[in-house]
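Everything on this sheet refers to the single structure shown next.
Please treat every number below as a calculation from the coordinates, not as lab data. Given the structure is predicted, the values throughout are model-derived calculations rather than measurements. Here the Cβ is made from the backbone with ideal geometry for all residues, glycine too, and neighbour counts use every protein chain on show.
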2 protein chains.
Amino acid sequence: MSGNRAWHLMSRPQGLPTHENFALKAQPTAPLQDGWARVENKWLSVDPYMRGRMNDVKSYVPPFQLDEPMQGGAVGTVVESRSPNLKEGDLVFHMLGWREQAAAPAEAFNKMPPLPVAEHEWLGNLGLTGGTAYFGLLRAAQAKEGDIVFVSAAAGAVGSAVVQIARAKGMTVIGSAGGADKCAWVRELGADAAIDYKAGPVLPQLQAAAPKGIDVYFDNVGGEHLDAAFALARQNARFAICGMIDDYNKGSTHQFRFIMRIIAMRIMLKGFIYTDYLAEMADFYREMGGWIASGAVKSRETVHEGIEAMPDAFLGLFSGGNTGKMLVKL
Amino acid sequence: MSGNRAWHLMSRPQGLPTHENFALKAQPTAPLQDGWARVENKWLSVDPYMRGRMNDVKSYVPPFQLDEPMQGGAVGTVVESRSPNLKEGDLVFHMLGWREQAAAPAEAFNKMPPLPVAEHEWLGNLGLTGGTAYFGLLRAAQAKEGDIVFVSAAAGAVGSAVVQIARAKGMTVIGSAGGADKCAWVRELGADAAIDYKAGPVLPQLQAAAPKGIDVYFDNVGGEHLDAAFALARQNARFAICGMIDDYNKGSTHQFRFIMRIIAMRIMLKGFIYTDYLAEMADFYREMGGWIASGAVKSRETVHEGIEAMPDAFLGLFSGGNTGKMLVKL
């Protein structure tokens, strides 16, 4: 039995967060109210979008409150229930992460369907990251068989799923990642080419890998990558804008030299969030479940151990410290 | 009877074009081939997109060739025909502008339908500029009744049509223009508010004019205006990207501080060209013809006189020298 501690946001980061912004505090373990359940968390997720919630700015999710437990994706087991809808031992996904135990109304906890997958997949390819890849590529960017797809942060949690979904759907895929090891893994996932953005400018590398240009760009980073995609977009190219991690900490300072090509090439850009497509989750579970079962979509995780490691795991997202999904195992 | 001279591009401009880039030269008047016609031009159009054709870069239209007559929208009268499809006196629209006379296969000339409009409307609200406004607003940006629409260069040829179409369709419209006189005209066209970008930064002015934010942005200029639109876009906002005149001469050097809002607000950007919608011209002629007849859409022109004035008219586009459509009358 673990303890009952939670990470609080103690001050709002300026630029890149530091350990001083966070504090691990004991939570009171109050008796459950009627209709509530208590969950012991087993896996906690860290994701780039959490950086936005550390600012005091209204975005698509409200900001974290100061000196309150932070939130995020988590998978855990029900240890106590005063709701007819959950029983002890149920495996649930929920958003009360950054803590060892979560107590809340039963509706806050989603019981997972009995698919033969590892528990942490519900935070990965079958969770927010896999769903983001699936809906961004196939819905926001309307990618289809035969398209030439470029994806940034291709060794990351979302990007590696994009690479594999694109391959499973008969597209050509070029992935960008930082360093030779990550690029090797991107190729192993099935990418036709991998670009090492740490080895030199993106544009000439992308031009060599995609001499005919690109039809789809899945953007996780913004900045130089987005500009290279503008430069090499073919007519009627579609960009799914999922993240701009380059700019989360500093604001965008990139000068988009090729943004004018939006007009000549009739480029469409579409920002999206996973939750825009909740009505289509059945499609996602069916297809992604099938690909995981067949081995078409594999996962890799970078796992930190113990609640104490949460800030390190989170900060690692911004230094390129992960291959695949970054997780904390309790 | 005028002469037969044509403006040639003599050198490719670096940045803003100057008179030295152009030369007015006599054209030979050769006998007509079978199936050809000769047209005496009466009105010539200058448009911002022509700047792109002066670069030696493949775009949506091929570059102008050096020491050849340039091209552009023109309205003229058939003066000689060796085609059964055209006869002397026919009013035609065609793309062999920048010259006094044009000789070409009859297919190059489009006979205008007999609508009760002034001849130069075929270069304006019933031509490329009106069509660009119509299709950009209603198709590319999918603007609909009740939307809050922001349009830049609202006193220009395309922008002033956007303002009036938006009003005719029951939208709220905020237009941006340079100077008090142009802003007054934008209001006269029916805009709910006009912003003077020369009087101060765009963002605070737009925020005051659109305290609830915007649903649609019709972009003619890029740069600071586009960034202000990112800053104030509401959820599911749509941007029609028509032009980036701020950047045609210098390349974009703007830093888009608010581009990240594409994600949180699920903004859609779509680049487009008038010719993408040729299949829907019947809708355009019907609706726009009706609005012109009813007075819902008015036009204003800035007219230069004589073939010699073409470069001045063209350069005036980049110094804010026109209100409404810039034309040269021969």
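Using the Kirkwood formula on the Cα atoms of segment B:128-275, what hydrodynamic radius do you get, in angstrom to one decimal?
Mean inverse Cα-Cα distance, inverted, gives 14.7 Å.
Each label was represented as a point 7 Å from its Cα along the Cα-to-Cβ direction; for B:Met10 and A:Thr77 these points are 8.6 nm apart.
Between this copy and the others, label points of B:Lys298 are 7.0 nm apart in ascending order, each placed 7 angstrom from Cα in the Cβ direction. Between the beta carbons of A:Gln33 and A:Glu280, assuming R0 = 45 Å, the FRET efficiency works out to 0.85 to the nearest 0.05.
If we count every other residue with Cβ under 11 angstrom of B:Ala106's Cβ, Lys/Arg +1 and Asp/Glu -1, where does the sum land?
Working: positive: B:Arg38, B:Arg82, B:Lys87, B:Lys111; negative: B:Asp34, B:Asp90, B:Glu107.
Residues close to B:Ala106 contribute a combined charge of +1.
With the simple model of a label 7 Å out from the Cα in the direction of the Cβ, A:Asp312 to A:Lys58 spans 3.9 nm. Roughly what angle does helix A:223-232 make with the longest principal axis of chain A, taking Cα atoms, 0 to 90 degrees, to the nearest 10? So the helix axis and the longest Cα principal axis differ by about 40 degrees. Residues whose amide H comes within less than 5 Å of that of A:Asp90, counting only those at least five positions distant or on another chain, are A:Val78 (H built at 1.01 Å from N in the peptide plane). With the charge dipole of the protein assembly as shown set up from +1 on Lys and Arg Cβ and -1 on Asp and Glu Cβ about the Cα centre, the Cα lying farthest toward the positive end among the listed residues B:Gln205, A:Ala108, B:Ala102 is that of A:Ala108. The trypsin sites (Lys or Arg not before Pro) of segment B:33-64 that meet both conditions, a loop assignment by DSSP and at most 14 other Cβ atoms within 10 Å of the site Cβ, are B:Lys58. For B:Leu66, the label point sits 7 Å beyond Cα toward Cβ; its separations from the matching points on the remaining copies run 6.4 nm, from shortest to longest. Which residue, chosen from A:Ala240, A:Asn220, A:Ile262, occupies the Cα position most advanced towards the positive end of the dipole of segment A:128-275, where the dipole is computed from +1 (Lys, Arg) and -1 (Asp, Glu) charges on Cβ about the Cα centre? Result: A:Ile262, furthest along the dipole toward the positive end.
Report the local net charge at B:Arg187: Lys and Arg +1, Asp and Glu -1, summed over other residues whose C-beta lies under 12 Å from its C-beta. Numbers along the way, then the final one.
Numbers: positive: B:Arg167, B:Lys182; negative: B:Asp181, B:Glu188, B:Asp192, B:Asp196.
Around B:Arg187, the surrounding residues sum to -2.
Chain B residue nearest the axis that carries B onto A, by Cβ, with distance in whole Å, is B:Leu269, 2. Here the spin labels are modelled as points 7 Å beyond Cα on the Cα-Cβ line, and at A:Lys111 and A:Gln207 they lie 5.8 nm apart.
Give me the Kirkwood hydrodynamic radius of chain B in Å, from all C-alpha pairs, to one decimal place?
Details: mean 1/r = 0.0488 Å⁻¹.
This gives a value of 20.5 Å.
Within chain B, what's the longest stretch lacking GluC sites (Glu not before Pro) that sit in DSSP loops with no more than 13 other Cβ atoms inside 10 Å? Spell out each step's value before the answer.
Numbers: sites that count: B:Glu88, B:Glu145.
Longest stretch, sites excluded: B:146-330.
Counting from the shortest, the label point at A:Ala26, 7 Å from Cα toward Cβ, is 10.2 nm from the same position in each remaining copy.
On C-alpha positions alone, give me the angle between the axis of helix B:281-294 and the longest principal axis of chain B, in degrees, nearest 10. In chain B, helix B:281-294 runs at an angle near 80 degrees to the longest axis. For chain A, a simple Cβ point-charge model (Lys and Arg +1, Asp and Glu -1, everything else neutral) yields a dipole of about 740 debye relative to the Cα centre. Here's how it looks for A:Ala37: its modeled amide H is under 5 Å from those of A:Arg82, A:Ala104, A:Ala106, which are all 5 or more places away or on a different chain. Other residues whose C-beta falls under 14 angstrom from the C-beta of B:Ala143 contribute a net charge of +2, scoring Lys and Arg +1 and Asp and Glu -1. The Cα center of segment B:37-87 and the Cα center of segment A:254-330 differ in position by 49 Å.
Each Cα pair under 8 Å and six or more residues apart adds its separation to the average, and for chain A the resulting relative contact order is 17 percent.
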